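Visitor: Quick one: the structure is below, questions incoming.
The values are calculated or read from the model by the stated rules, or taken from the named source; none is laboratory data. The shown structure was predicted, so the numbers you read here are calculated from the model rather than taken from an experiment. No Cβ is skipped: glycine too gets one built from the backbone with ideal geometry, and neighbour counts run over all protein chains shown. Quick note on the areas: whole protein, heavy atoms, side chains included, nothing else; ligands and nucleic acids left out. Shrake-Rupley method; radii C 1.70, N 1.55, O 1.52, S 1.80 Å.
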Amino acid sequence: MDEFEDMRRRMVDNQLRTRDITDYRILDAMGTVPRELFVPKARRPFAYADGDIEITAAEGDKPARYLLSAQTFGKLVQLADLDKSDIVLVVGCASAYAAAVLARIANSVVGVEGDEALAQSASETLVEQGIDNAAIVAGNPAAGLASEGPFDVILIEGAVDHIPEALISQLKDGGRLVAIKGRGGAAEAIRVLSSEGKTSSRPAFNACAPVLPGFENESDFVF
């Protein structure tokens with residue numbers, strides 16, 4: 001067992017199993033996908049640390065982007081209640097780690113990423129890993145990918161102040177959207193269920209994650 005394999009095993013045992021992630025498919029997928037290959041080379045030694053990992057630094061008006069902590073991501077996936085026949089959309093997929101994990105559980109995965117350079121890099125990583133049932137598209141994450149939908153599951157990879165109706169409208173009947181709504185200690189993971197043309201949502205657990213660009217509330221105008 002090499003160093004990263006050992007780190008991966010310890011991540012599953014110490015960060016997932018201990019946080020009530022019991023779905024063996026998630027444990028197997030996250031214990032198999034090489035998380036270190038989805039972070040910058042300089043941060044690979046920290047790929048299995050218990051926390052969010054910076055993928056790209058803030059630059060000008062461009063905010064930093066992050067890989068969600070393993071336990072937060074794992075719990076979101078478990079909340080989505082995936083089926084092997086599901087078609088999944090990952091919103092704000094960054095380096096495509098989420099897409100790679102979900103591709104091992106669901107039928108197919110498509111990710112939409114607002115940063116074109118990240119989208120290109122993510123696509124190349126998926127190809128290098130031989131993952132042929134996941135693809136990354138550069139586009140506006142808040143708009144989703146209606147041309148590829150509707151979806152059984154939509155996972156928003158980051159905290160949001162609001163969930164655009166455009167995303168909810170891309171859920172199939174019986175489809176689920178999972179996201180972290182709010183900021184800091186007040187944030188909660190929620191699940192939105194679409195059923196017979198209506199939607200309902202419920203909070204599931206407390207969670208904290210970096211805000212996904214494009215999902216912030218507009219600041220109040222001040223004279």
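Visitor: Provide the per residue accessible area, probe 1.4 Å, for the stretch 89-223, rounded to a whole number of square angstrom.
Guide: On a per-residue basis, the stretch 89-223 sits at 46 Å².
Visitor: Next question. Using 0.36 nm per residue of separation minus the Cα-Cα distance, give me the extension gain between Glu216 and Asp2 in nm, one decimal. Write down the numbers at each step before the final one.
Guide: Values: separation 214, 0.36 × 214 = 77.04 nm, distance 4.10 nm.
This chain segment gains 72.9 nm when fully extended.
Visitor: Could I ask something else about it? Could you grab the Rg to Rh ratio for the stretch 90-189? Cα atoms only, Kirkwood for Rh.
Guide: Values: Rg = 13.2 Å, Rh = 13.7 Å.
Reported Rg/Rh, Kirkwood definition of Rh: 0.96.
Visitor: Check which residues have an amide H placed less than 5 Å from Gly175's amide H, if you skip close sequence neighbours.
Guide: Ser194
Visitor: Calculated from DSSP H runs of 4 or more alone, at -39500 (n - 2.57) each and per residue, what is the 222 nm mean residue ellipticity of the chain, nearest 500?
Guide: Only helices count here, giving -6500 deg cm²/dmol.
Visitor: In nm, what is the difference between 0.36 nm times the number of residues separating Glu116 and Ala204 and their Cα-Cα distance? Could the numbers behind the result be given before it?
Guide: On the way: separation 88, 0.36 × 88 = 31.68 nm, distance 3.25 nm.
My answer for the length gained is 28.4 nm.
Visitor: For Val137, what residues show an amide H to amide H distance below 5 Å, using hydrogens built from the backbone and excluding near sequence neighbours?
Guide: Gly111, Val112, Glu113
Visitor: Counting only Cα, what are the radius of gyration and maximum Cα-Cα distance Dmax of the chain, in Å?
Guide: 16.4, 62
Visitor: Further, regarding this structure: Tally Lys and Arg at +1 and Asp and Glu at -1 over the other residues with C-beta under 11 Å from the C-beta of Pro34: what net charge comes out?
Guide: Surrounding charge for Pro34 is -1.
Visitor: Here's a follow-up. So what is Rg over Rh here for the stretch 73-146, counting just Cα atoms and using Kirkwood for Rh?
Guide: Values: Rg = 11.4 Å, Rh = 12.1 Å.
Ratio of gyration radius to Kirkwood radius: 0.94.
Visitor: Which net charge results when you count Lys and Arg as +1 and Asp and Glu as -1 among the other residues whose beta-carbon is under 12 Å from that of Ile154? Don't jump to the answer; show the numbers that get you there.
Guide: Details: positive: Lys172, Arg176, Arg191; negative: Asp86, Glu148, Asp152, Glu157.
Net charge in that neighbourhood comes out at -1.
Visitor: Here's something else I'd like to know. Taking all protein chains as present, what is the carbon and sulfur share of the accessible area of the chain, in % to the nearest whole number, probe 1.4 Å?
Guide: Here it works out to 47 percent.
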